[in-house]
Amino acid sequence: MTRYAAQTEVPADRSRSEIEATLRRYGATSFMYGWEEGRAAVRFQLNGKYVAFVLPMPDKADRQFTTYMRGSVPYRRDEGQIEKLYEQATRQRWRALALVIKAKLEAVESGITTFEDEFLAHLLLPDGQTFGEWAKPQLEQVYVEGRMPPRLLLGTGQG
């Protein structure tokens, strides 16, 4: 299956600008993005809640960029080819994130779903982790043990 926007020519910075414009259009009151080795992040505030998306970035040293096969023989690509393929993968990921955010916001606006249901995994908690990061270990525990954890673990304060 071909990835969404696999051949896009839209620069990553234009996709980030599109994400910001989309968020403004749907009422976001703050927006930021940043990056570090191997990932980028978009954060925004909407409906009084903070949301964070972490976008795993491709690794330029990955074989998908550095090597091509001729029959069963691997060959190293030149630096220009590596850079071109890496930039394409980067553009694709930013386009996909722009699509995801726009689709979620439109689904909420159209009444198909709620903001909380659509963004739950990406809502930021007071300690800086997302709800998804916090909940995944508990979800694994539920499936391993075959029962719900005590309500105290869910933050309700009731046992």
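In the range 2-29, which residue that is within 15 Å of I101 (Cα to Cα) and among the hydroxyl-bearing types (S, T, Y) is farthest from the chain's Cα centre (by Cα)?
That would be Y26.
Pairs please, first residue from the range 85-97 and of a type in the set (D, E), second anywhere and surrounded by fewer than 18 Cβ atoms within 10 Å (Cβ to Cβ), Cβ atoms under 9 Å, 6+ apart in sequence or on different chains.
Qualifying pairs under 9 Å: E87/P11.
Taking into account only those residues within the range 26-63 that are touching a residue at least 24 places away in the same chain (Cβ under 8 Å) and not in a strand (DSSP E or B), which is least open to solvent (accessible area, probe 1.4 Å)?
Here the answer is P58.
For the subset of the range 109-154 comprising residues that are among the hydrophobic types (A, V, I, L, M, F, W, C), touching a residue at least 12 places away in the same chain (Cβ under 8 Å) and in a helix (DSSP H, G or I), which member is surrounded by the most Cβ atoms within 10 Å (Cβ to Cβ)? So that I can check it myself, show each step before the final result.
The first filter runs over the range 109-154 and keeps only residues among the hydrophobic types (A, V, I, L, M, F, W, C), leaving 112, 115, 119-121, 123-125, 131, 134-135, 139, 142, 144, 148, 152-154.
Pick out the ones that are also touching a residue at least 12 places away in the same chain (Cβ under 8 Å) and you get 115, 119-121, 123-124, 135, 153-154.
Still in the list and also in a helix (DSSP H, G or I): 115, 119-121, 135, 153-154.
Values: F115: 19, F119: 24, L120: 14, A121: 15, A135: 16, L153: 13, L154: 12.
Ranking the qualifying residues of the range 109-154, first place goes to F119.
Can you tell me which of Q81, Q7 is open to solvent by 60 Å² or more (accessible area, probe 1.4 Å), over 21 Å from A121 (Cβ atoms) and free of Cβ contacts under 8 Å to residues at least 24 places away in the same chain?
Values: Q7 fails: free of Cβ contacts under 8 Å to residues at least 24 places away in the same chain.
After ruling out the rest, the residue left standing is Q81.
The values are calculated or read from the model by the stated rules, or taken from the named source; none is laboratory data. Note that the structure is a prediction, hence the values are computed from the model and not measured. A quick note on method: Cβ atoms are made from the backbone with ideal geometry, for glycine too, and the neighbour counts reach across all protein chains shown. Surface accessibility is based on the protein's heavy atoms, side chains included, excluding ligands, DNA and RNA. Shrake-Rupley method; radii C 1.70, N 1.55, O 1.52, S 1.80 Å.
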